[in-house]
Every structure is written in structure tokens, then in C-alpha cells.
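Please treat every number below as a calculation from the coordinates, not as lab data. Keep in mind that this is a model prediction, so the values were computed, not measured. Heads up, the Cβs are rebuilt from the backbone with ideal geometry, glycines too, and the neighbour counts pull from every protein chain shown.
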Amino acid sequence: MKVSLEQDKCVGAGQCVLIAPDVFDQRDEDGIAILLQENPPAELQEGARQSAWACPGLAIAVDES
Ligand code: SF4
């Protein structure tokens with residue numbers, strides 16, 4: 001799995017950090033998300049998928065190939 005994050009689409013809502021705190025973090029200054037794991041291990045992949053579904057800015061993409 002490859003996760004990508006478009007920071008210019010992020011609205012700082014924080015759902016991804018709540019769902020998958022080992023995959024995403026937020027910048028302290030403005031809440032914009034930071035991708036911690038571009039290739040998350042198996043145990044974190046479901047959280048990455050759920051974050052992509054939940055993101056209100058459609059900023060997260062998950063490539064399953
Ligand atoms: S869920 Fe989406 S909009 Fe919210 S902080 Fe994460 S990437 Fe940004």
C-alpha cells in the first residue's frame with residue numbers, strides 16, 4: 001500500500017489523526033496533516049483506508065497496488 005497526502009487540500013479537521021495516529025500527524029502551527037508512513041505496515045493499513053474515506057478535504061489517497 002502507498003499512501004499519499006495532498007496538503008493543499010487538507011482543511012485541518014484532524015479525522016485522519018484520530019483514526020490513524022501512527023500514519024498521520026498534524027502540524028502544531030496550523031493543523032495541516034503530515035504523512036508519517038507512506039508505506040504503512042499491514043496492521044496500520046485499515047486505518048489509512050478509513051482516513052481516506054473520512055477526510056473531508058479528499059486529501060488522502062490510498063494506492064492498493
Ligand atoms: S482528515 Fe483530511 S482534512 Fe482532516 S487533517 Fe486529515 S488530511 Fe487534513
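A few comments on the model shown:
- With bins 10 Å wide beginning at 0, the percent of Cα pairs of the chain falling in each bin runs 26, 61, 13, 0.
- The calculated FRET efficiency for ASP28 paired with SER4, based on their beta-carbon distance and R0 = 22 Å, is about 0.50.
- Folded to 0 to 90 degrees: helix 42-54 orientation relative to the chain principal axis, Cα: 50
- For the chain, adding -39500 (n - 2.57) for each run of n ≥ 4 DSSP H residues and dividing by the number of residues yields -8000 deg cm²/dmol at 222 nm.
- Most mobile listed residue (GLU46, GLU29, GLU38) in the chain, GNM with C-alpha springs under 10 Å: GLU29
- Relative contact order of the chain: 46 percent, from C-alpha pairs under 8 Å at least 6 residues apart in sequence.
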